[in-house]
Amino acid sequence: MSVEATFVDMGGVGDMVDGKYVPVENPYEMIIGTDKPAIMGEDGVLKKGAVVRVGKFKDKAAADEWLKNEKEKRIESQPKRESKINAKYDAELKAVEQSLKETPKAQAKVVATKEEAGGVGVGGDVVKPTFENVPILTRTAEEIETAKNEVFNNLNRLEVGSVIENSDGEIKVVTEKSTDKKGNQLIGIVTYERQSDGSLRQMTNIVWASKSADGKIKLDYNPHSTGTNLKGERVTVTDQITDKKIDLSKENIFTEDENGNLIQINKVEPSLKESPESGSVGVGGDVESRKRDEVRK
């Protein structure tokens with residue numbers, strides 16, 4: 001089923017020749033937004049493809065410059081104000097910790113979700129990141145801020161290449177994670193689907209989760225997806241954080257053009273493909289397997 005695309009001229013996709021604007025014959029195309037997400041049926045089969053916006057640029061350099069400027073705008077646009085929800089959380093967490101110090105035999109049942117807690121509960125147990133505690137519906141400004149903190153803090157515990165999955169068969173990969181000199185944080189996520197031939201199909205452009213130095217969070221990513229099944233019922237699917245990793249540089253990646261044809265946007269060189277003799281190679285490679293290969297040579 002095809003992904004619908006709306007094409008947008010990003011400017012400068014041509015030259016002035018004898019006073020007339022002449023467009024570039026083969027402009028560089030890149031997904032710049034998602035207007036409507038893909039809709040999955042109750043049986044897990046794709047019912048309607050996503051509707052994406054594809055920007056037309058003069059060349060790849062122009063597209064890269066546009067993407068760089070968008071990321072800079074994302075960080076600079078964050079308002080400079082104190083985060084009341086973080087202050088409230090700090091006070092509550094401090095009170096709980098003090099209470100546990102006064103009653104050492106008490107069983108700790110509080111899970112620290114704050115980024116500084118490092119994924120460790122009060123009792124010392126390592127708590128895996130999860131979106132299960134993120135409410136699907138938020139009714140007050142405080143609930144919204146709490147949910148945003150929960151989402152960002154879990155994402156921030158992931159590394160580049162970490163995989164988030166859901167029952168719709170989507171594979172969401174953390175493709176970027178950075179912090180600038182001012183302490184502003186930025187996390188990028190792209191959605192793919194694994195094809196029968198083992199390749200990946202890119203379903204969306206990159207979406208961002210950002211946190212300014214003063215604690216203000218802005219999310220384009222939502223771990224919950226709500227749609228209507230064949231019975232007319234509203235169904236919500238929640239993303240699951242996994243222990244899997246994907247090195248996208250070692251994946252054949254495709255997307256669709258305006259005619260619904262697959263176009264390859266990343267091609268794996270034969271030398272990068274896994275050799276049957278080398279064993280399973282994860283992200284970064286298997287050191288022991290490579291040593292054995294050198295010995296055989």
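Bear in mind that the values in this text are calculations on the coordinates, not laboratory data. Just so we're clear, the structure is a prediction, and the values are computed from it rather than from any experiment. Here Cβ is always computed from backbone atoms with ideal geometry, including for glycine, and neighbour counts include all displayed protein chains.
The residues MET30, MET203, when put in order of fewest to most other Cβ atoms within 10 Å, stand as MET30, MET203.
Could you list the GluC sites (Glu not before Pro) in segment 126-226 that lie in coil according to DSSP, counting only those with at most 16 other Cβ atoms within 10 Å of their Cβ? Don't skip to the answer; put the middle values down first.
Numbers: sites: GLU132, GLU142, GLU143, GLU145, GLU150, GLU159, GLU165, GLU170, GLU176, GLU193; in loops: GLU132, GLU159, GLU170.
Answer by residue number: GLU132, GLU159.
In sequence order, segment 258-268 has phi-based couplings of 5, 9, x, 8, 6, 10, 8, 10, 8, 10, 7 Hz under the Karplus curve 6.51 cos²θ - 1.76 cosθ + 1.60, θ = phi - 60°, and Gly or Pro positions carry x. With each label modelled as a point 7 angstrom along the Cα→C-beta vector, the THR138-LYS71 pair spans 2.5 nm.
All other residues whose Cβ lies under 13 angstrom from that of TYR28 are scored, Lys and Arg at +1 and Asp and Glu at -1, for a net of -4. Sparse packing (at most 12 other Cβ atoms within 10 Å of the Cβ) combined with a DSSP loop state is found for the following trypsin sites (Lys or Arg not before Pro) in segment 168-230: LYS181, LYS182.
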